[in-house]
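Asker: Would you mind keeping the following structure in view while I ask a few things?
The values are calculated or read from the model by the stated rules, or taken from the named source; none is laboratory data. This is a predicted model, so every value here is computed, not measured. Heads up, the Cβs are rebuilt from the backbone with ideal geometry, glycines too, and the neighbour counts pull from every protein chain shown.
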Amino acid sequence: MSLGFRSKAAADPKPKYSGGPSLPRVFAVDLHDVDSDKFQDSRYAGFSWYIFFTTLLVSLSALNIGWSIGMANISKPVICQSYPTSVLSTSSSCEFPDRIPFSEDAWSIAIGVLSVGGFIGALVSGLIADTIGRRNALVVNNGFFLAGSVLMGTSTTALHFTLGRFVMGVGCGVASGVATTFVGEISPLRWRGFYGAFFQNSLVLGILVAQFASVYISTGLQWRIIVSLPGVFSIIQIALLPLRVESPSYLIKARHVTEARHALLKLRSGYDVSSEWQESLASLDSGERSARGSYAEPSNAAAAALTYPTPHSPEQPVDHNSSEATMKNNGSKMLGKFSHTSSIASMQTRAASESGLGASVGIWQILCGRTRDDLRHLLICCTVLMALQQLSGISVTLFGGNDLAMAIFDSESPLSAPWACIVVCFTALPATLLCMLWVDKLGRRPMLLGSLGGMTICSVLISTGLFFGPSSMVMASVFLCYFMFNMGIGTIPWFLMAECVPAYALGPTTILACSLNWVLSLGLGLVVPIIENTVPQWLFVIFGGFALFGFLFVMLFVPETMDRSVADVIIKHAGPMHVVIKYGKKSSIRKRSSGNNGSLASMKYKK
């Protein structure tokens, strides 16, 4: 995989557009930039070590989620002591016991309460991220991980342990919404899939390591260390995350325009950020007017900022698609006019404050199509894909892997089932790595279609094996099914939201999609055991049906977002539900541009 920089001439085949309101241009102008060969459009920036290490740091939250899911699957016999009643034990001891009294019902509650906490955390994730920022939300959220780890590590009763699982679940829910949003907003256009796939990669790594470690624990001290390790990862994030920059989109939304400019320059070091800066301002200004329910033109102050002439052309707006040579010449001219640029930056800050760029919209407004850019189609696509992560049956492998393996392997070999679950989880690592490498080359739609199509075939094979045998075919199909899951549907929906929903609507979209994901996780945890006790052979027939539905849904409705900005996606796919394969690129641009006057799409392009 090449980590070099791409030239804009080879990467930007889109036609040029002229007209429409022009935003103030902000240039990454330094002496080394003007003399550098890297003075290119930041939207086509190459690999960045700064973003890479920031993504690794953020992914520790996903590692905590995976650890919380995986550590309870194999650890049950070590943590639990049989208890005859069906209520939570409230007896305590002054010392930490090797095992905690649990009834079967109490243990089921302790496992399922993680999803309850995840649902609550997902409900508030968008609000927290829009209030204190994406980075700060992750820092604060580590308090939940730390508190949950301490509660479980020091637990002496079933209630104590269950409370720790619940607090940990809240942290998981917040992290599932905020982490992917943060990474999506700081990533350059051509590397969003690569960086976005880190979330799922870290999640499955957490599941795998937690289950592997659980095989060897045998005493109370050992399992307490296992359940407390997420607190260590949280301390690392609390110490290092404040040293990274905040999302520029959030900073503009919060009216910290100067800080947003510096953050964008830090993330796109060596590139011209003017076009990306203008798109961010246009997106959030469109969202502000949507939140007010006004379809009028921007206020006088905002309009003044949007059309203020730049030093490049005192009389005419700047062409957004100027060549590299033109940008270099213009950058050289600006070296003697920094004082003039400073006045423009101050006008941007003042205009942003007066026009209220920080307003957000609600879920109901998006569902009813009352936003400036009609986002109904995109919202439904994101929500359905997140729901399919659970409806495809992956929770059976994660939470019920032991039961499935014990039904296949010889019960006289008790270690075979745990190790089978570990091997199943291990297949996820190469799958997520391949997704990271291919998703920015093949595209989102082909990866999703291949994933869901493969899972449909695997579900048919599993069902056939459960009905007629052999058992080896069932287990092999389970391995392959989990591999295909992480190749597409398990990884892509996490970062797809940030690729097709503008910043002003990203919070509500994340709340709806992630909350539904956690609710379905809890619901399947209650329904699947009933199906297994009545008609176990039909379980994967149901999951295969959902996978087939997902395949058809992606083929008909889910847009391709690879190498496209959010504005480009909205131009083509704004409006109510429609079949995406019917829309040609040119006709769609013409239709959306003429039909959404004043929207984000038409603010960027005007035929």
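Asker: Mind listing whichever residues of region 579-603 are surrounded by 16 or more Cβ atoms within 10 Å (Cβ to Cβ) and modelled with pLDDT of 85 or more?
Answerer: Residue satisfying the conditions is Val580 alone.
Asker: I would also like to ask the following. Taking the condition among the β-branched types (Val, Ile, Thr), out of contact with any Asp or Glu (no Cβ under 7 Å at 6 or more places or on another chain) and crowded, with 23+ Cβ neighbours inside 10 Å, does Val140 pass?
Answerer: Judged against the criteria, Val140 is not a match.
Asker: Please tell me if Ile457 is touching a residue at least 40 places away in the same chain (Cβ under 8 Å) and in a helix (DSSP H, G or I).
Answerer: No.
Asker: Identify, from the list Val527, Val535, Val554, the residue that is of a type in the set (Val, Ile, Thr) and in contact (Cβ under 8 Å) with a residue 24 or more places away in the chain.
Answerer: Val554 is the lone residue from the list that is of a type in the set (Val, Ile, Thr) and in contact (Cβ under 8 Å) with a residue 24 or more places away in the chain.
Asker: Which of the numbered conditions does Cys481 fail, given that it passes all the others? Conditions: (1) under 30 Å from Gly171 (Cβ atoms); (2) touching a Leu at 6+ places or on another chain (Cβ under 7 Å); (3) not charged (D, E, K, R).
Answerer: With respect to (1) under 30 Å from Gly171 (Cβ atoms); (2) touching a Leu at 6+ places or on another chain (Cβ under 7 Å); (3) not charged (D, E, K, R), Cys481 is out only on (2).
Asker: Could you identify the single residue in Gly231, Gly287, Gly193 that is of a type outside the set (Ser, Thr, Tyr), at pLDDT 85 or above and closer than 25 Å to Met497 by Cβ?
Answerer: Exactly one residue qualifies, and that residue is Gly193.
Asker: Consider region 230-277. How many of its residues are outside any helix (DSSP H, G or I) and not acidic (Asp, Glu)? Break it down stepwise before answering.
Answerer: From region 230-277, those outside any helix (DSSP H, G or I) are 244-247, 254-256, 268-273; that's our starting set.
This time we only want the ones that are not acidic (Asp, Glu), so: 244-245, 247, 254-256, 268-271, 273.
Number of matching residues: 11.
Asker: Residue check: is Asn533 part of a helix (DSSP H, G or I) and buried (at least 24 other Cβ atoms within 10 Å of the Cβ)? Let's see the steps before the verdict.
Answerer: Values: part of a helix (DSSP H, G or I): yes; buried (at least 24 other Cβ atoms within 10 Å of the Cβ): no.
Judged against the criteria, Asn533 is not a match.
Asker: Let me ask something else about it. Out of the residues in region 355-387 that are among the charged types (D, E, K, R) and either under 19 Å from Asp568 (Cα atoms) or outside any loop (DSSP other than H, G, I, E, B) (or both), which is modelled with the lowest pLDDT?
Answerer: Only one residue fits best here, namely Arg372.
Asker: Give all pairs with beta carbons closer than 9 Å in which a residue from region 427-449 that is part of a helix (DSSP H, G or I) meets a residue that is surrounded by 16 or more Cβ atoms within 10 Å (Cβ to Cβ) and of a type in the set (Lys, Arg); count only pairs at least 6 apart in sequence or on separate chains.
Answerer: Val439/Arg192; Asp440/Arg190; Asp440/Arg192
Asker: Taking Gly544 as meeting all but one of (1) part of a helix (DSSP H, G or I); (2) at pLDDT below 90, write down the number of the exception.
Answerer: In the conditions (1) part of a helix (DSSP H, G or I); (2) at pLDDT below 90, Gly544 misses (2) alone.
Asker: Another question, if that's okay. Here are Val209, Val215, Val204, Val227: which of them is in contact (Cβ under 8 Å) with a residue 24 or more places away in the chain, of a type in the set (Val, Ile, Thr), surrounded by fewer than 18 Cβ atoms within 10 Å (Cβ to Cβ) and under 21 Å from Cys421 (Cβ atoms)?
Answerer: Val215
Asker: In addition: Of the conditions (1) among the hydrophobic types (A, V, I, L, M, F, W, C); (2) under 24 Å from Thr131 (Cα atoms); (3) surrounded by fewer than 23 Cβ atoms within 10 Å (Cβ to Cβ), Trp191 fails just one. Which one is it?
Answerer: The failed condition is (2).
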